[in-house]
Structure formats: C-alpha cells, structure tokens
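Worksheet: the structure to be examined is printed underneath.
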Amino acid sequence: LSGNARNCFLTGNPDSYQNFAGKGLRCLLDVPNSEVYKNAHHSSGGFCSQSSQPLGKKIPSLQISSVEQVPHHFPAWNIQIIRSFHISPSLQAAPVPLFWIIAKPAQKLFAIILGRSIRKWWKALPPNKRELFKESARKNKWKILLGVSSLGIVFVMFYFTHLEETPITGRTRLMVFGKEHFRELSQMEYDMWMELFKSQMLPETDESYQVVETIVGHLSESNKDVPQVSALKWVIHVVDEPAVNAFVLPNGQVFVFTGLLDAVSDIHQLSFILGHEIAHAVLEHAVKKASLVHLLDFLSLIFLTMIWAICPRDSLAVVGQWIQSKLQEFMFDRPYSRTLEAEADKVGLQFAAKACVDVRASSVFWQQMELAEAMEGQPKLPEWLSTHPSHENRAEHLDRLIPEALKIRESCNCPSLSGPDPRLIFRLNMQRLLELAEGREAPNSTKQDPSKPKLDFPHT
C-alpha cells in the first residue's frame, strides 16, 4: 500500500480495482444499503417508539460540503486529517464540581505539609521519647485498631449509601455529587466551547449541519420511550474542524466536528457514533466519572500523607507521590474510563438499532480507523495506556453485540437489511488491497522499505 497518493478509500465494488494500480490509493467505500432509511418506520411498544418522520425522507441522498464534492455518500476517511479518534472530549463530558476543582490542590498541599511535619517531628524526638511513643502504641494497639476500623466503617457506609442504579443497563454506580451541580457546570462548559469555536460554527443552513440535525432528531424520536432521552433537549453544533471528534454535554448540547463527517463512510456509521455520544449523556457518565475521581482523591490524601511522613527525604517523597498517582491512574482511572466507553457502545448500538440503522456498520468504522492509523505508521500503544479501548477490541466487542442489536431492530418492525454485510465487504476489500499491494511490491524488491509503514490488520 504505497505510492504517491495521499488518500485511501475502500469500495464495495470489486471491479473498481481494475484501475487501482494506475491511480494509486484512491477508491471509495460505498456500502449500498443507505436505502434502508427510505422506508424506516416502526411501531411503538417494547423497545420501540413511534418515529414521526423517517430519516430517509428528509435526506434522500447524503452529501457533505467540502472542497471536493463526492455525490450521494459521505467520503470515507481522509488519511491527511485522520487523528486518533476519541468520541468524547479530552475533558470529560462535564468537569468535576467547581468547588472540588478549587479545593483539590489545597487538600493535596495540606496532606504534603502534614506528612512532612510528622516526619520532622519524629526526627526531632529524642531516642528515649521515641521508645516511649512506640511502647504506648503497642499498649493501645486495640484502641488504635478500633479507631481505624471505625473510619473504615464510615467510609463503607458512605460508599453504599451513595450507590444508584444506572438507567437502561441497571448497573450499580457511585454518585457522590448531585445532578443539579452538573447542570450548572454543563452550562459553564458549553459557554467555554462556544467561545472557543465561535468562529468555526457552521450555520443551520449548511448541508452538514442538516445531516447531523436529522440523524440526532431521528435517534431521539426513535428512543423517546427512554425517559432520559425525552427529558433532554438535543441542540446541534457542527464545528468546522479537521479533528475526528464528537461529544455531547450532559445538558444535551451535541458537538460534531467536520473531521468526523469526513471519517465516516455512511449515515449508519454516523448514526451509531452519535448514538454512542447520546448514551454518554443519558447514562450520566460525567457524574459517574467525577464521583470515582472524588472518592479516589480522598483516599489518595491518606496515602499521600503517609508517603511524606515515611520517606526520609523530600526527593524520595516526590518519587513516591508520582508512583502513587500513576498507579491510581492506570489501575483505576483509565480502566474505569474504558468500561464507560464499552457501556456507551452497547447502549448506543441499541439506540441505533431502534432507529432502524444498519448496526453492522458500527464495527466497520473502527476497523477503518485501525487501518488508517496503520497506513500513517502510527505506533500501536497497549490498551492499558489509553482511556479508550483499542480500535481492534472495540470492533470485536461490537461484533459480539450486533446479533442482539439486530433482534432489537427486528422487534421494532424495521425494514429488512438489503445488500451484503458491510463487514464482509470490508474484509474482501482489504484482502484485495493486500493482494494488489503484494503484486506491486514483489517485482521491485523482496525487502521491506523502511520508509513504508508496516501494516498489521488483525481483522483481515
């Protein structure tokens, strides 16, 4: 997969590869099942609710405004602007409550000063007083143990009295902060994003805006039987920005970057991604994440005090504090974020299924992202280093969920899916691409050119 061409797209038509070698990596992914929306309708009851207007009737053919117009479909993905795609903002969907943001550094500083003071006090004690202190601790060990146990019981009671049931999934979650705080902070974050992107917002008359508005409206209408979906007013914002990104604030403000519109292949992929983002807001993942961070930070203050009290020198205490923060990050914070992403994938796929989307296209998107990063030569980092699942694991997870989503789709009286499975199309096209690439490289050299990226596609 080399040459002077900068763009690579995949096509559902194998005949289009006849001119592939001469034209370079310039082909299109065109999954011929967009007509599913033309008669999309489903009855209320069970998982489903009545959709007021089929999506296909509002947008008979989808086009994205760009410098180079490609008719009747989304362009697949542009290698020049592709990014490591995280379908939530670098900040969480909403920041932790404002008072905690202000208090957190002060509390850490207090823990450091307290631990350092304990260490200096202990060093300043004469040896005989140290022995007396140790002897007193041994005599009163049961009182000390009782006091520590009492604190532990209070902590456990606090934890179990702040557990709630997650909407839709029924999973138990920790909720430390009230939802009203996040409504206020969501508005603050919304104002921040609007100020940041005020010169890049596309108008409501723009074709890209109308596509996103229609899909979000169709998803919300199809899932209005879910109280958390119908309770929010979904407001669309399309940002003219090449980053492949989208996120939804807890108050229903939807932000989609044009880079994402260039990255998806069709309305089915975009519908799934927006369903995923809506799921983040509906499941209140921002509050859950902030609650966990709050709890872990409280516990870390105890360990931080102990580190600065036990370490003989400040330099060692700084190293110990860094190790503690990294352990917390990689053992708790990031795994929990990956869990929330997987949960949003599952619920988002259900939302898309109830909207009569071809849910089979969901895993293809992540395979495309995996291919794009491989072609750019980006290193594959271990999943445990990321806040999101790897593209490979994400696609496999969605493949396992697709059969259940297809049953939901069928129960909503959606039109039958026509055309081949987009996953099969992608695999066949990848196989053909690799065969053509091997055929082009074989006459030239049997050695790997270090300037060309090494491709590794587990899904092929």
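The values are calculated or read from the model by the stated rules, or taken from the named source; none is laboratory data. Being a predicted model, the structure only gives us computed values, none of them experimental. Cβ atoms come from the backbone with ideal geometry, glycine included; neighbour counts cover every protein chain shown. Surface accessibility is based on the protein's heavy atoms, side chains included, excluding ligands, DNA and RNA. Shrake-Rupley method; radii C 1.70, N 1.55, O 1.52, S 1.80 Å.
Per residue, what accessible area does the stretch 179-433 have, given a 1.4 Å probe and all protein chains present, in Å²? Please report the intermediate quantities before stating the final value.
On the way: 9890 Å² over 255 residues.
So the stretch 179-433 comes to 39 Å² accessible per residue, rounded to a whole number.
FRET efficiency for Ala124 and Asp333, Cβ-Cβ distance as r, R0 = 56 Å, nearest 0.05? Please report the intermediate quantities before stating the final value.
Numbers: r = 38 Å, r/R0 = 0.67.
With a Förster radius of 56 Å, E is 0.90.
Classify the stretch 218-279 as rounded, prolate or oblate, taking a ≥ b ≥ c as the square roots of the eigenvalues of its Cα gyration tensor: rounded when a/c is under 1.5, otherwise prolate if a/b is larger than b/c and oblate if not. Working shown, then result.
Numbers: a/c = 2.79, a/b = 1.60, b/c = 1.74.
Oblate is the answer for the stretch 218-279, as a/c is 1.5 or above yet b/c matches or exceeds a/b.
Counting only heavy atoms of protein chains, what accessible area per residue, in Å², does the stretch 96-174 have with a probe of 1.4 Å? Please list the in-between numbers first.
Values: 6050 Å² over 79 residues.
Roughly 77 Å² per residue, with all protein chains present.
Students sometimes get this wrong: rank Ser149, Ser208 by accessible area, probe 1.4 Å, all chains present, largest first.
Values: Ser149 55, Ser208 5 Å².
My answer, sorted largest first, is Ser149, Ser208.
At a probe radius of 1.4 Å, what is the per-residue accessible area of His397, in Å² to the nearest 10?
The value for His397 is about 40 Å².
Where the accessible area of the stretch 331-377 is counted over protein heavy atoms with a 1.4 Å probe, how much of it, in %, is carbon and sulfur?
On the way: 530 of 980 Å².
Carbon and sulfur together cover 54 percent of it.
For Gln253, what residues show an amide H to amide H distance below 5 Å, using hydrogens built from the backbone and excluding near sequence neighbours?
HN-HN under 5 Å from Gln253: Val235.
Using r as the Cβ-Cβ distance of Lys326 and Glu438, and R0 as 41 Å, what FRET efficiency do you calculate, to the nearest 0.05? Each step should come with its number before you reach the end.
Numbers: r = 43 Å, r/R0 = 1.04.
Approximately 0.45, to the nearest 0.05.
Calculate how many DSSP beta bridges within the stretch 179-433 are antiparallel, expressed in % of all such bridges and rounded to the nearest 5.
Just about 45 percent of them are antiparallel.
Fully extended, how many nm does the chain gain between Ala106 and Lys407 (0.36 nm per residue separation, minus their Cα-Cα distance)?
Working: separation 301, 0.36 × 301 = 108.36 nm, distance 5.24 nm.
Once the chain is fully extended between Ala106 and Lys407, it gains 103.1 nm.
Please find the FRET efficiency linking Ser117 to Lys143, where r is the Cβ-Cβ separation and R0 is fixed at 25 Å, and quote it to the nearest 0.05. Before the final figure, lay out each step's value.
Numbers: r = 23 Å, r/R0 = 0.94.
Approximately 0.60, to the nearest 0.05.
Return the loop-located GluC sites (Glu not before Pro) in the stretch 149-242 (DSSP other than H, G, I, E, B) with at most 16 other Cβ atoms within 10 Å of their own Cβ; answer none if there are none. List each step's numbers first, then the result.
Working: sites: Glu164, Glu165, Glu180, Glu184, Glu189, Glu195, Glu204, Glu207, Glu213, Glu221; in loops: Glu204.
The qualifying sites are Glu204.
Using a 1.4 Å probe on the protein heavy atoms only, what accessible surface does Leu428 show? Give it in Å² to the nearest 10.
Here the residue's solvent-accessible area equals roughly 100 Å².
Can you classify the stretch 96-174 as rounded, prolate or oblate using the Cα gyration tensor, where a ≥ b ≥ c are the square roots of its eigenvalues, rounded means a/c under 1.5, and otherwise it's prolate if a/b beats b/c and oblate if not?
Working: a/c = 5.66, a/b = 1.77, b/c = 3.20.
Oblate.
How do 386-392, 269-275 rank on mean C-beta neighbours within 10 Å, highest first?
On the way: 386-392: 19.0, 269-275: 28.3.
Result, highest mean first: 269-275, 386-392.
With contacts defined as alpha carbon pairs under 8 Å and 6 or more residues apart, what's the relative contact order of the stretch 195-354 in percent?
Rounded, it is 22 percent for the stretch 195-354.
Between Val318 and Leu381, with labels modelled 7 Å along Cα→Cβ, what's the label distance in nm to one decimal, could you check?
Distance between the two pseudo-spin positions: 2.5 nm.
Let me spell out the model: positive unit charges on the Cβ of Lys and Arg, negative unit charges on the Cβ of Asp and Glu, origin at the Cα centre of the stretch 103-159. What dipole size does that give, in debye rounded to 20?
Working: 13 positive and 2 negative charges, 51 e Å.
In debye, rounded to 20, the stretch 103-159 gives about 240.
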